[in-house]
Every structure is written in C-alpha cells, then in structure tokens.
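The values are calculated or read from the model by the stated rules, or taken from the named source; none is laboratory data. Bear in mind the structure is a predicted one, so any value in this text is a computation, not a measurement. Backbone-built Cβ (ideal geometry, glycine too); neighbour counts: all protein chains shown.
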Amino acid sequence: MRIVRRGETLVLETPAKINLFLEVCGRRVDGYHDLRTVMLAVSLTDTLHVRPSPSGALRFRQHLAGTFHADDGRPPEDDRNLVVRAARRLAETVGVPAAAEIELWKRIPWQAGLGGGSSDAAAVLLMLNRLWDLQLPWDELHSIAATLGSDLNFFVAQSPLALCSGRGEDVTAQPLRRRLSIVIAQPAGGLSTAEVFRHWRPSEVPACPATLLRWLAGDSHPFPASGVYNGLQGPAERLHSDLLPLQRRMSQCGLTSVAMTGSGSACFGLARSDRHASRAAQRLRNQPGWGAWAVRPWIP
Ligand code: C5P
C-alpha cells in the first residue's frame with residue numbers, strides 16, 4: 001500500500017481480499033477458530049484520507065462510493081467502526097492523543113467476506129504511524145493489528161498473496177507469478193462472520209493448499225481443480241439461500257473454480273482473460289440485487 005501525500009492529507013487505496021483456500025481446523029478455547037487460509041489482495045478498493053485535526057479530536061466520516069451494497073444499512077460511523085477503534089487503539093498504545101480527521105470512501109461491500117473493514121483499519125494504523133510520526137516498527141504494528149481482528153495482519157503485511165494461520169493473524173508471504181483475471185460477485189444480503197462460524201461443524205477437508213500455492217508461484221503444474229476450497233461454504237449456504245444460485249450463474253458465465261470468500265456472502269471465480277471477466281461481471285450485474293466486479297490481484 002503506497003501512501004501518497006497531498007498537502008497535509010495522506011491518501012491510501014486499500015484493497016479487498018479473497019480467500020482462495022480456507023480450512024477451518026477447529027474451535028479454540030477462546031471461542032475463535034484456527035484457520036489455514038490462502039489470501040489474495042484484489043483490485044477492488046476503498047480510499048482513505050487522513051489529515052491532522054485542528055480541534056485535536058478524532059473525527060471519522062464515511063461515504064458510500066460504490067454503486068452496489070448488498071444491504072440497505074451502512075457500517076457504523078461511531079466508536080464501533082473498526083477504523084475508529086484502530087485509531088484509538090494505536091493512540092492508547094503509544095500514549096498520544098487520538099487527533100486526526102479520517103475520511104473513507106467505501107466501495108468494498110461489507111458482510112461480504114472481502115475484508116474491507118480490516119483493510120481500512122490496517123491502512124489507518126499505517127497512515128497514523130506516519131501522520132503522528134510514531135515510527136513504530138512492523139512487529140509492533142502487527143501486534144496492535146492482531147488485537148483488533150483476524151484479517152488485519154494480512155493487510156498490514158502488504159503482500160499480495162499469503163498463507164495465514166492461527167485465527168488468521170500469522171501471515172507468511174507467498175510468491176505470486178500468475179496473471180489472474182477474477183470476478184467477484186455478491187448476492188443481495190450479507191452474512192455475519194460470527195454467525196457463520198457458529199454454524200460450522202467439523203468435516204473432512206478434501207483439499208490442501210500446497211498444490212495451489214505451487215501453481216500460483218508459477219510452477220508448471222496444471223491448475224489444481226480441487227485447489228480452491230472454503231470450509232465455511234456449508235454453514236453459509238444454510239444461512240443464505242441465494243449463495244448456490246449465484247455460484248451456478250457464475251459457472252454458467254464460464255467462470256471456473258467458483259467458491260465463496262471468507263464467511264461470505266461474496267463469491268469469486270476465475271476468468272479466461274480480463275475481457276471475459278468484465279463481460280461475466282456485466283452479466284451477473286443484470287440480476288436484480290446482485291453486485292459483480294472484474295478484478296485482478298492487487299500489487300501494492
Ligand atoms: O476477527 P474478527 O473480529 O473479524 O472475527 C469476527 C468473529 O468471527 C469473531 O468474533 C468470531 O466469532 C469469528 N471468528 C472465529 N474464528 C476466526 C475468525 C473469526 O470464530 N479465526
């Protein structure tokens with residue numbers, strides 16, 4: 001993520017992620033679940049502006065910049081928002097006043113499994129580290145990120161592709177040497193991460209991420225047909241009746257390796273080319289209530 005300075009304002013584009021592989025390994029004593037997941041940052045982005053606060057207070061405003069949002073609500077703009085919590089947590093940790101004006105243009109849908117809120121919050125940690133001239137090293141930023149949520153560390157690491165474990169906060173960067181054209185689509189209505197995890201039950205995992213990671217690294221293997229997998233698909237299907245019809249339609253559009261991302265409700269599929277991806281996204285958007293985007297891996 002490259003922070004751009006415009007006068008006193010810092011500007012950053014923050015990417016969404018998809019989980020190309022997600023295995024739930026088991027429930028932990030703290031109520032979370034251990035995961036093994038392959039995350040890819042993609043070119044569907046929010047934009048964040050951060051500037052000094054003349055009043056010394058923390059102010060946060062958000063604009064819905066995208067044309068599609070799966071539900072009519074909007075994420076809270078008060079202290080419950082992960083962006084605000086990240087700013088306050090950073091200020092408390094280093095003992096400085098939480099003085100900043102933060103403005104967010106949201107295009108990444110929420111309750112979608114696309115990590116938009118986590119990406120925004122991770123970006124705010126990086127930007128305030130710069131704005132407040134804290135010069136915190138990476139490991140400290142990672143420790144703060146891990147206290148805020150399970151997906152933030154992937155975005156703090158700023159690696160386009162990573163294998164993540166633990167709650168999701170242990171991030172190991174992986175090489176990406178493939179051109180990918182991807183379509184993300186979301187039905188009307190999001191899904192709550194906590195609720196999807198609550199409905200998860202242990203089952204056999206038919207895949208392992210090793211061959212997928214080798215393929216993504218450019219290895220000459222053919223694409224592993226069973227490489228894309230999401231262990232939360234079952235519970236998500238039971239909670240959202242449009243998930244399977246959406247995935248069927250994505251396959252009919254010629255997309256392959258169609259799967260859900262994170263805890264849903266967004267899904268993704270691989271296209272043959274960028275042209276194929278934008279055509280398929282257009283067709284999927286024709287369905288009332290559905291959103292769709294043609295994206296590529298996000299290279300920071
Ligand atoms: O970490 P995050 O706040 O995004 O997680 C939201 C909820 O999803 C958690 O409160 C928990 O119920 C569930 N979760 C889980 N195991 C994970 C990540 C999330 O059970 N590894």
Item to complete: Taking L48 as meeting all but one of (1) over 30 Å from A217 (Cα atoms); (2) at pLDDT below 95, write down the number of the exception.
Response: (2)
Worksheet item: Residue check: is P300 in a loop (DSSP other than H, G, I, E, B), out of contact with any Phe, Trp or Tyr (no Cβ under 7 Å at 6 or more places or on another chain), surrounded by fewer than 16 Cβ atoms within 10 Å (Cβ to Cβ) and in contact (Cβ under 8 Å) with a residue 24 or more places away in the chain?
Response: yes
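Looking at V29, V24, V83, can you tell me which residue is in a helix (DSSP H, G or I) and within 14 Å of the ligand (Cβ to nearest atom)?
Values: V29 fails: in a helix (DSSP H, G or I); V24 fails: in a helix (DSSP H, G or I).
Among V29, V24, V83, only V83 is in a helix (DSSP H, G or I) and within 14 Å of the ligand (Cβ to nearest atom).
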Discussion item. One residue is enough: does the stretch 11-19 have a residue meeting the conditions within 13 Å of the ligand (Cβ to nearest atom) and assigned to a strand (DSSP E or B)?
Written reply: yes
Item to complete: Check the stretch 269-281 and report whether any residue there is in contact (Cβ under 8 Å) with a residue 60 or more places away in the chain and in a loop (DSSP other than H, G, I, E, B).
Response: yes
Worksheet item: Among the residues of the stretch 154-169, is any under 10 Å from M39 (Cβ atoms) and either among the β-branched types (V, I, T) or touching a His at 6+ places or on another chain (Cβ under 7 Å) (or both)?
Response: no
Worksheet item: Restricted to the stretch 124-155, and to residues that are under 12 Å from the mean Cα position of the chain (by Cα) and part of a helix (DSSP H, G or I), which residue is farthest from T45 (Cα to Cα)?
Response: N153
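Rundown of residues vs (1) closer than 20 Å to A281 by Cβ; (2) modelled with pLDDT under 95; (3) within 16 Å of the ligand (Cβ to nearest atom); (4) surrounded by 15 or more Cβ atoms within 10 Å (Cβ to Cβ), yes/no style:
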{"position": "M39", "(1), (2), (3), (4)": "no, no, yes, yes"}
{"position": "P52", "(1), (2), (3), (4)": "no, no, no, no"}
{"position": "T67", "(1), (2), (3), (4)": "yes, yes, no, no"}
{"position": "D72", "(1), (2), (3), (4)": "no, yes, no, no"}
{"position": "P75", "(1), (2), (3), (4)": "no, yes, yes, yes"}
Worksheet, complete the sentence: Of the residues in the stretch 145-173, those that are among the β-branched types (V, I, T) and either more than 12 Å from the ligand (Cβ to nearest atom) or closer than 23 Å to G190 by Cα (or both) come to V156, V171, T172
Worksheet item: How many residues, within the stretch 175-234, are in contact with a strand residue (DSSP E or B) (Cβ under 6 Å, 6 or more places away or on another chain) and assigned to a loop (DSSP other than H, G, I, E, B)?
Response: 7
Item to complete: Go through (1) touching a His at 6+ places or on another chain (Cβ under 9 Å); (2) crowded, with 20+ Cβ neighbours inside 10 Å; (3) not basic (K, R) one by one and return the number of the condition D151 breaks.
Response: (1)
Item to complete: For the stretch 208-228, state whether one or more residues are buried (at least 22 other Cβ atoms within 10 Å of the Cβ) and either within 16 Å of the ligand (Cβ to nearest atom) or among the hydroxyl-bearing types (S, T, Y) (or both).
Response: no
Worksheet entry | Within the stretch 119-144, considering residues that are in contact (Cβ under 8 Å) with a residue 40 or more places away in the chain and within 13 Å of the ligand (Cβ to nearest atom), the one surrounded by the fewest Cβ atoms within 10 Å (Cβ to Cβ) | D120
